[in-house]
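Colleague: Sharing a structure here in structure tokens format.
The values are calculated or read from the model by the stated rules, or taken from the named source; none is laboratory data. Small disclaimer: the values here were computed from a predicted structure and weren't measured. Backbone-built Cβ (ideal geometry, glycine too); neighbour counts: all protein chains shown.
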Amino acid sequence: MKVAITGGTGFIGKGLTDALIERGDTVWIITRQAAAKQPDGSGPSYVTWDMLERDPSILEGIDAIVNLAGESINQRWTKSAKARIMDSRKWAAAKVGRLVRALQDGPSVVVNASGISAYGSSETLVFEEDSPTAVTDYLSEVVRSWEEAADAIPAKRLVKLRIGLVLDRKGGAFPLMLLPYRLFVGGRVGSGKQGLSWIHIDDMIGLILFCLDNDDIKGPVNASAPEPVSNDEFGRAIGETIGRPHWFPLPAGLMRVGLGEMSTLLLDGQRALPVKSTKLGFRFKYPKLDQALTQLLVSQ
């Protein structure tokens, strides 16, 4: 399979690139700026958006595109940051759409990243892929615009991967969430009742591969483990795994003062279930949180 990846330098993109190459696929990384090729000729090839604007035939015959591009949400949400977060996602989806339209032999599937925030926030509801979406805050507004931009991609098969908290030892938000426990000041955030839909990095990569390979999977796909937890349960599990106390609560008001609007990432949440992928045969390596945390924090 010949696969092009946008956002291929992020921690999910790097993991996906390695997995594709390991199984013998050809990988192209689409970037804004040119990157050096591997000195020994191994690894992915690189192409810039400017190069593709001039000559889209570089990717003629591509089998799949995985769009993971987007400005990080892990920053203070100033007016300019919010604009970058929103615009980067719409821009990348629009670029993918123009590329697909320009190819005579285009991809059979486009997997476009999205977010669990599509459903809005709730402490009581559990969301499946056919649950209605809702705009309840800035992040859910971003996801709605992101998916609307993805819907304009003329793909033969479009997968909108609604990604939860990806647990990785070195990448994403998890190392920052782990830090208070390393410092013996871990505890629930706000009420602790807010839902947290998580997924181990290995299952995240495995699910993307599953979406690429399985012609029956399309539309929204919840990229989250089958057993979501509350914020309080998540923190307690971390403490038990690494032998640290779970005792120091962070009041919601303090979080709002310290992080501003970005505090919604920690104070609000949702519980999502991966119904579509599991019905079609995907099996999680780490379906339970204690299994995932043990592999990440204890097993080496």
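Colleague: From 9, 48, 17, which residue is buried (at least 18 other Cβ atoms within 10 Å of the Cβ) and among the hydroxyl-bearing types (Ser, Thr, Tyr)? Spell out how you get there, then give the answer.
Modeller: On the way: 9 fails: buried (at least 18 other Cβ atoms within 10 Å of the Cβ); 48 fails: buried (at least 18 other Cβ atoms within 10 Å of the Cβ).
Exactly one of 9, 48, 17 is buried (at least 18 other Cβ atoms within 10 Å of the Cβ) and among the hydroxyl-bearing types (Ser, Thr, Tyr), namely 17.
Colleague: Of all residues in the stretch 106-147, count the ones that are part of a helix (DSSP H, G or I) and of a type outside the set (Lys, Arg).
Modeller: Quick first cut of the stretch 106-147, residues part of a helix (DSSP H, G or I) only: 116-119, 138-147.
Filter once more, so that each one left must be of a type outside the set (Lys, Arg): 116-119, 138-143, 145-147.
So the answer is 13.
Colleague: Go through 273, 267 for me and flag whichever is within 17 Å of residue 197 (Cα to Cα) and under 17 Å from the mean Cα position of the chain (by Cα).
Modeller: 273
Colleague: Also, quick follow-up: Buried (at least 18 other Cβ atoms within 10 Å of the Cβ) and out of contact with any His (no Cβ under 8 Å at 6 or more places or on another chain): does that describe residue 248?
Modeller: no
Colleague: Just a yes or no: is a residue in the stretch 265-279 hydroxyl-bearing (Ser, Thr, Tyr) and without any contact (Cβ under 8 Å) to a residue 12 or more places away in the chain? Explain how you work it out, then say what you get.
Modeller: First pass over the stretch 265-279, keeping only residues hydroxyl-bearing (Ser, Thr, Tyr): 277-278.
From what is left, the residues that are without any contact (Cβ under 8 Å) to a residue 12 or more places away in the chain are none.
So far as the stretch 265-279 goes, no, none of its residues is hydroxyl-bearing (Ser, Thr, Tyr) and without any contact (Cβ under 8 Å) to a residue 12 or more places away in the chain.
Colleague: Another question, if that's okay. Let me spell it out: the conditions are (1) buried (at least 18 other Cβ atoms within 10 Å of the Cβ); (2) touching a Ser or Thr at 6+ places or on another chain (Cβ under 7 Å), and residue 156 meets all of them except one. Which number is the exception?
Modeller: Failed condition: (1).
Colleague: Do we find that residue 78 is at pLDDT below 95, within 24 Å of residue 268 (Cα to Cα), more than 16 Å from the chain's Cα centre (by Cα) and surrounded by 15 or more Cβ atoms within 10 Å (Cβ to Cβ) in this structure?
Modeller: no
Colleague: State yes or no: is residue 113 among the small types (Gly, Ala, Ser) and over 22 Å from residue 224 (Cα atoms)?
Modeller: no
Colleague: Looking at the stretch 78-98, which of the residues that are in contact with a helix residue (DSSP H, G or I) (Cβ under 9 Å, 6 or more places away or on another chain) and not aliphatic (A, V, I, L, M) is nearest to residue 256 (Cα to Cα)?
Modeller: Across the stretch 78-98, the extreme among qualifying residues is 78.
Colleague: Right, here's the next one. Hey, can you tell me all the residues within the stretch 253-300 that are in contact with a strand residue (DSSP E or B) (Cβ under 8 Å, 6 or more places away or on another chain) and small (Gly, Ala, Ser)?
Modeller: Across the stretch 253-300, the qualifying residues are 269, 272, 277, 292.
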